[in-house]
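Comments concern the structure below.
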Amino acid sequence: MTRTTNGNESTCDECDILVIGSGAAGLTLALRCADFASVAVISKGSLREGATFNAQGGIAAVLDDQDSIQNHASDTLTAGVGLCHEEIVDFVVSNSNECIRWLVSQGVPFTTKTRQDQQNPNQAEPSLSPDDLSSLHLTKEGGHSHRRIIHATDATGKAVFEALQKRALNHDNIKLFENRIAVDLLTRNKLGLQDQACIGAYIMDSHTLEVTLFRAKFVVLATGGASKAYLYTTNPDGASGDGIAMAWRAGCRVANMEFNQFHPTCLFHPHAKSFLISEALRGEGAYLELPDGNRFMQRFDERLELAPRDIVARAIDFEMKRLGCDCVYLNITHKPRDFILSHFPTIHKRCLTFGIDICKQRIPVVPSAHYTCGGVMVNQQGETDIPNLYAIGETSFTGLHGANRMASNSLLECFVLAFSASRRIEDLIGTTELSTQGLPWDESSVNKSEDDVLIAHDWDELRRFMWDFVGIVRTDRRLQRAQQRVQVLEQEIQDYCKHYKISTDLLELRNLILVAQLIIDSAIRRKESRGLHYTLDYPDLADRARDTVLMPENYGPP
Ligand code: FAD
Ligand code: SIN
């Protein structure tokens, strides 16, 4: 018996669509499918615990008369350094307005021009209409040639999440489950059958640690990214690449795992765990400065602070290493106080809790792991290599981001792919059967672990060497060191899993070790520097841009 978050007792172990993840991608797909199917959405923590809730800057879409779909596509291709797939870029940017209209219809309180001009964060938002998006205020971020970021002040993710969660909680066809962690997928070949179709997933209740099989006609991975593989990250704790790891174990290809994006400006403060300082500050005129007050971006790129993220993060890393300093500074103090408070109320408030008044003081910042550009390979409908298994959002690889994601294109991709995947599922649902077969979870040969300290130690070790050896600047030697270490951890975790019952920490560690292996192996394979992958051994761009595609079948490290 489980309790749904809307308070009803419910025994839910089968439905039409099982959505693993309650972020922007998962909730959007659930809402789009709920009119023709029964949907269960699970989240391994509370529903809000993904990256979505923390998203600040906004969602990219073309609403300015001076802007065009072609401009948005062209900026995305430039940021992606030759590796974006043009057809998916066109598809995503051309569908952006439809998604924004839908989000407005769901009640997302985006900031309007009137509200932004009033410069009073406490003023009520004028009502919005999906038929008229011209009232929305647009901000700017790195890589974008025009103002095209739709936002809800500086807490866009919270506004989106809360509106979608409210809709989902009130929909009779959607059941939401917190504290349920997907362990692995079940495919028909595991039952000795010929085909590989996905028929469900093993789900652990993180309180009781009981694992049950959940059957569904379609399983959708919407589990977010894997930036928790790095010691310093803007991401929430659950960003352990579970979807990528589960899909890989089930037999799906993954691509471009070497492209982990480092956001240039994470707050540097001993007590501020992973707090992002939005790129929108630079979009609205903030400067990056060295400790002595000098600006430095002019030495790296003519677009200065608004160059794409890979360039800005590398420039900061270079300057920090050159000067031996712990951080650089972001300075917006030259803007009027009212302007700062109306655009960035959340960031202002949060920084104040650490004694930094951003209206008067510079903000200490460092780059941090932020976004996983690679992931489970999918087509334009979010279909993976395995029938009836979909992947959408940050866990997937569509080819949109290439070698470097442009700011605010991620939430956009979550919505567009959730829309297209739901259309595909609607087409297929009438001819897809719920499996009557299954294999129960078997824990007969394992015991409760008495060595949890080993898990904590391995977590720490992994995230440190990923930061030191597979970070912003790489070399063959560093990558090989990381590869040796991850192989040792992999042996340990396999041994551990053979003997001990699973727990949330153990599951996440197992997934992170696998994903770290895929990141390292992909980085070793790329013999060039492109976008987010920069190596001192191959500093130039290769003539031809190629994806790094890894296949689980007969896989061996490079
Ligand atoms: P998430 O929102 O991360 O949700 C993942 C869900 O999966 C969670 O519910 C989690 O509990 C669940 N889950 C994971 N594993 C399991 C499992 N094994 N079992 C059950 N549940 C599981 N992008 C933009 O476009 N614009 C921005 O302004 C922006 N700002 C950002 C700011 C921050 C601080 C961060 C961290 C990211 C930001 N991004 C932004 C990136 C963007 O927010 C994410 O890429 C996007 O929200 C991912 O959405 P998602 O639905 O794929 O995953
Ligand atoms: C930010 O607000 O800087 C994050 C935007 C993004 O990651 O797209």
Condition check for Tyr534: open to solvent by 20 Å² or more (accessible area, probe 1.4 Å), out of contact with any Gly (no Cβ under 9 Å at 6 or more places or on another chain) and touching a residue at least 12 places away in the same chain (Cβ under 8 Å): yes
Sole exception among (1) open to solvent by less than 10 Å² (accessible area, probe 1.4 Å); (2) touching a strand residue (DSSP E or B) at 6+ places or on another chain (Cβ under 7 Å); (3) assigned to a loop (DSSP other than H, G, I, E, B); (4) within 12 Å of ligand 1 (Cβ to nearest atom) for Ile244, by number: (3)
When restricted to Arg405, Arg463, the only residue within 28 Å of Phe318 (Cα to Cα), under 21 Å from the mean Cα position of the chain (by Cα), among the basic types (Lys, Arg) and surrounded by 24 or more Cβ atoms within 10 Å (Cβ to Cβ) is Arg405
For the stretch 56-75, name all the residues that are under 14 Å from Asn97 (Cβ atoms) and acidic (Asp, Glu). Asp64, Asp65, Asp67
Looking at Leu479, is it within 16 Å of ligand 1 (Cβ to nearest atom) and open to solvent by less than 20 Å² (accessible area, probe 1.4 Å)? no
Restricting to the stretch 363-390, and then to whatever is among the aliphatic types (A, V, I, L, M) and outside any loop (DSSP other than H, G, I, E, B), can you tell me which residue is nearest to ligand 1 (Cβ to nearest atom)? Ala369
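How about the stretch 189-221: which of its residues are assigned to a loop (DSSP other than H, G, I, E, B) and either closer than 11 Å to Asn388 by Cα or open to solvent by less than 10 Å² (accessible area, probe 1.4 Å) (or both)? Steps first, answer last, please.
First, the residues of the stretch 189-221 that are assigned to a loop (DSSP other than H, G, I, E, B): 192-197, 206-210.
Hits for the stretch 189-221 are Gln196, Ala197.
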Quick check on Glu394: is it in contact with a helix residue (DSSP H, G or I) (Cβ under 8 Å, 6 or more places away or on another chain), open to solvent by 60 Å² or more (accessible area, probe 1.4 Å) and either within 30 Å of Asp90 (Cα to Cα) or without any contact (Cβ under 8 Å) to a residue 12 or more places away in the chain (or both)? no
Do you know which of the residues in the stretch 150-175 that are surrounded by 24 or more Cβ atoms within 10 Å (Cβ to Cβ) and assigned to a strand (DSSP E or B) is nearest to ligand 1 (Cβ to nearest atom)? Ile150
Among Ile340, Ile316, Ile311, the single one that is aliphatic (A, V, I, L, M) and more than 28 Å from Cys373 (Cβ to Cβ) is Ile340
Matching residues in the stretch 435-458 - criterion: being in a loop (DSSP other than H, G, I, E, B) and open to solvent by 50 Å² or more (accessible area, probe 1.4 Å): Thr436, Gln437, Leu439, Pro440, Trp441, Asp442, Glu443, Ser444, Ser445, Lys448, Glu450, Asp451
Residue list for the stretch 58-101, filter: open to solvent by 30 Å² or more (accessible area, probe 1.4 Å), over 13 Å from His144 (Cα atoms) and in a helix (DSSP H, G or I): Glu86, Glu87, Asp90, Phe91, Ser94, Asn97, Glu98, Arg101
A careful count of residues in the stretch 482-500 that are open to solvent by 80 Å² or more (accessible area, probe 1.4 Å) and either of a type in the set (Phe, Trp, Tyr) or touching a residue at least 40 places away in the same chain (Cβ under 8 Å) (or both) gives 2
Quickly run through the stretch 391-413 and pick out the residues that are part of a helix (DSSP H, G or I) and within 11 Å of ligand 2 (Cβ to nearest atom). Glu394, Asn409, Ser410, Leu411, Leu412, Glu413
Can we say Thr265 is open to solvent by less than 10 Å² (accessible area, probe 1.4 Å) and within 12 Å of ligand 2 (Cβ to nearest atom)? yes
Gly393 among the small types (Gly, Ala, Ser), more than 13 Å from ligand 1 (Cβ to nearest atom) and either at pLDDT 95 or above or in contact with a His (Cβ under 9 Å, 6 or more places away or on another chain) (or both): no
Given (1) of a type in the set (A, V, I, L, M, F, W, C); (2) touching a helix residue (DSSP H, G or I) at 6+ places or on another chain (Cβ under 8 Å); (3) touching a residue at least 60 places away in the same chain (Cβ under 8 Å), where does Cys252 come up short, assuming only one miss? (2)
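The values are calculated or read from the model by the stated rules, or taken from the named source; none is laboratory data. Fair warning: this is a prediction, and the values are worked out from it, not measured in the lab. Quick reminder, even Gly has a Cβ in these numbers, built from the backbone with ideal geometry, and neighbours come from all protein chains shown. For the accessible areas, the whole protein counts, side chains as well, though only heavy atoms, and no ligand, DNA or RNA atoms are used. Shrake-Rupley method; radii C 1.70, N 1.55, O 1.52, S 1.80 Å.
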